[in-house]
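> The structure's right below; bear with me while I get my questions together.
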Amino acid sequence: MQLIVLSSCNDDDLKNATSISSKKITLSTDRSYGVEIIYSDSAKVKAKGYAPILDKVTPSEGAMYNEMPKGVKIEFFNEFLKPTGTITSGYAINKQTDKITIFRKNVVVVNDQITFTTEELIWDENKRMYSSPYGTVTGKDGSVATGTEFTAPQDFSTYKIIQASGTTYVKGDLRP
């Protein structure tokens, strides 16, 4: 089997390519190792984040962002500093201006009710909620739900799955 690809361009295409290639954006990167970040509200610790590497990236054009190329772990706490849950991922990027953090690669969320796994989870601080294009929720009772879209409030106290399927366990007798 042979594949033949024919392509053509005119002078205008070459002029556009030249102007696009001449626009270069430089990135200034500040790298930190073994980073721990504490998030507090009204002097109360709400969460702690840990990253083996944190890159603070400042592009010559556009907004600054933080990148965690080796992953991140975030631990959440209640008002008594008792851990209430975690998020771990193999990669994360925090867009400070947009107040959005995107977790990617083996994302796992654990709290006292569920374990949620996905390949991408987006935390929108403005809406105080999480969303994911796909995910699996495993309950404490062993029930499993998988769907094409997942949303949850910031504390993961509830969740919504679109086009869900899965298994669940029912206690008691189902006969009338």
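The values are calculated or read from the model by the stated rules, or taken from the named source; none is laboratory data. Note that the coordinates shown come from a computational prediction; the quantities given were computed from them, not determined experimentally. FYI the Cβ positions are ideal-geometry reconstructions off the backbone, even for glycines, and counts take in every protein chain you see.
> Pull out all pairs, ordered by first then second residue, where Cβ-Cβ is under 8 Å, the residues are six or more apart or on different chains, the first lies in region 55-71 and is more than 14 Å from I37 (Cβ to Cβ) and in contact (Cβ under 8 Å) with a residue 40 or more places away in the chain, and the second is of a type in the set (D, E) and assigned to a strand (DSSP E or B).
none
> So, in region 158-176, how many residues would count as being part of a loop (DSSP other than H, G, I, E, B), free of Cβ contacts under 8 Å to residues at least 24 places away in the same chain and surrounded by fewer than 13 Cβ atoms within 10 Å (Cβ to Cβ)? Give the derivation first.
Of region 158-176, the ones part of a loop (DSSP other than H, G, I, E, B) are 158-159, 163-164, 168-176.
Subset that is free of Cβ contacts under 8 Å to residues at least 24 places away in the same chain: 158, 163-164, 170-176.
Right, trim to surrounded by fewer than 13 Cβ atoms within 10 Å (Cβ to Cβ) and you get 158, 163, 170-176.
Number satisfying all stated conditions: 9.
> Step by step: first the residues of region 29-50, then only those that are more than 17 Å from G85 (Cα to Cα) and of a type in the set (G, A, S), then the one that is modelled with the highest pLDDT. Which residue is that?
Among those residues, the one meeting the criterion is G34.
> Go through region 48-76 and report how many residues are under 20 Å from L121 (Cβ atoms), charged (D, E, K, R) and in a loop (DSSP other than H, G, I, E, B).
Going through region 48-76 one residue at a time, the tally reaches 1.
> Looking at region 111-129, can you tell me whether even one residue there is within 18 Å of S40 (Cα to Cα), in a strand (DSSP E or B), among the aromatic types (F, W, Y) and touching a residue at least 12 places away in the same chain (Cβ under 8 Å)?
yes
> Next question. Kindly check whether there is at least one residue in region 14-24 that is under 23 Å from the mean Cα position of the chain (by Cα) and at pLDDT below 85. I'd like the intermediate steps shown before the answer.
Narrowing region 14-24 to residues under 23 Å from the mean Cα position of the chain (by Cα): none.
Scanning region 14-24 turns up no residue that is under 23 Å from the mean Cα position of the chain (by Cα) and at pLDDT below 85.
> Scan (1) under 15 Å from V110 (Cβ atoms); (2) assigned to a strand (DSSP E or B); (3) among the polar types (S, T, N, Q) for the single condition T146 breaks and write down its number.
(1)
> What single numbered condition from (1) under 20 Å from S157 (Cβ atoms); (2) surrounded by 13 or more Cβ atoms within 10 Å (Cβ to Cβ); (3) modelled with pLDDT of 90 or more; (4) not hydrophobic (A, V, I, L, M, F, W, C) fails to hold for Q113?
(3)
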